[in-house]
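Asks: Here it is, the structure, as structure tokens.
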Amino acid sequence: MEHNTLSGAILDLDGTLLDSMNVWSRIDRDLLTAYGIVPPPDISHIVKKMTIAESSQYFIDQFGLPLSAAEIADTVEKMAEDQYRNTLPLKEGVTEFLDGLDKMGIRYGIATATYPDLAKAAADRLGLSARVQFILTEAEVGSGKTEPGIYYEAAKRLGMGKRQIIVAEDSLHSITTAKKAGFFTAGIYDPATSPEEWQVICATATVSVRKISDLLKLI
């Protein structure tokens, strides 16, 4: 990888730093089940590409939930709140990885689709807030990771050009967006990712690793 100018990293939260993807797949199903709807097997795969507002409206349009989009968003946030505030752990290798970035003088921030309050609660509890330059959410930017705006804003906050930055993500759509926008990309394995999607991630990202600390050997 062309790493001689690498001086920054944009890090996803869920599935990359935080072991949380199973929470969201469970919540998607629990929400629909609560209203007597059998969840489609691919529901989590569909909504993970959407912003909070988009997925809330999708549940109304597709399944006819008798709630407003704001009510659905609030309900889902409450369903996830306890785990973000109290129990979700960092993924294996994250502390080692951040220690390595610090030693290399690489500055980094978080760019996440997660609810702002939940992202901050988990980051505070796990010691991330004191280490990162910023925690940037899709809600702040006004668009999801199918568009490059969140990465451009994160690069602006790092004060760096895109060829100085690597974007670490576990989701194919996010990696694809960041790569098309001109960033170096790192695919991070998560057990919630299907073998088929992981193969595509490996073929798409600049580099890919099973454990995030292994990325230190490649940058």
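Asks: Kindly indicate whether ALA168 is out of contact with any strand residue (DSSP E or B) (no Cβ under 7 Å at 6 or more places or on another chain), buried (at least 18 other Cβ atoms within 10 Å of the Cβ) and outside any helix (DSSP H, G or I).
Replies: No, not satisfied.
Asks: For segment 137-187, how many residues meet the condition of being touching a helix residue (DSSP H, G or I) at 6+ places or on another chain (Cβ under 9 Å), free of Cβ contacts under 8 Å to residues at least 40 places away in the same chain and under 22 Å from ILE201 (Cα atoms)?
Replies: Qualifying residue count, segment 137-187: 16.
Asks: Hey, among LEU101, LEU128, which residue is within 27 Å of ILE165 (Cβ to Cβ), in the same structural domain as HIS173 (by TED's automatic domain parsing) and part of a helix (DSSP H, G or I)?
Replies: Matching residue, one of LEU101, LEU128: LEU101.
Asks: Counting just the residues of segment 118-156 that are touching a strand residue (DSSP E or B) at 6+ places or on another chain (Cβ under 7 Å), within 18 Å of MET21 (Cβ to Cβ) and among the small types (Gly, Ala, Ser), which one comes out surrounded by the most Cβ atoms within 10 Å (Cβ to Cβ)?
Replies: ALA122
Asks: Also, quick follow-up: With the structure loaded, tell me whether PHE59 is surrounded by 15 or more Cβ atoms within 10 Å (Cβ to Cβ), modelled with pLDDT of 95 or more, assigned to a helix (DSSP H, G or I) and in contact with a Ser or Thr (Cβ under 6 Å, 6 or more places away or on another chain) or whether it fails that test.
Replies: Spelling it out, it is not the case that PHE59 is surrounded by 15 or more Cβ atoms within 10 Å (Cβ to Cβ), modelled with pLDDT of 95 or more, assigned to a helix (DSSP H, G or I) and in contact with a Ser or Thr (Cβ under 6 Å, 6 or more places away or on another chain).
The values are calculated or read from the model by the stated rules, or taken from the named source; none is laboratory data. Computed from a predicted structure; not experimentally measured. Please note: Cβ atoms are built from the backbone with ideal geometry, for glycine as well, and neighbour counts cover all protein chains shown.
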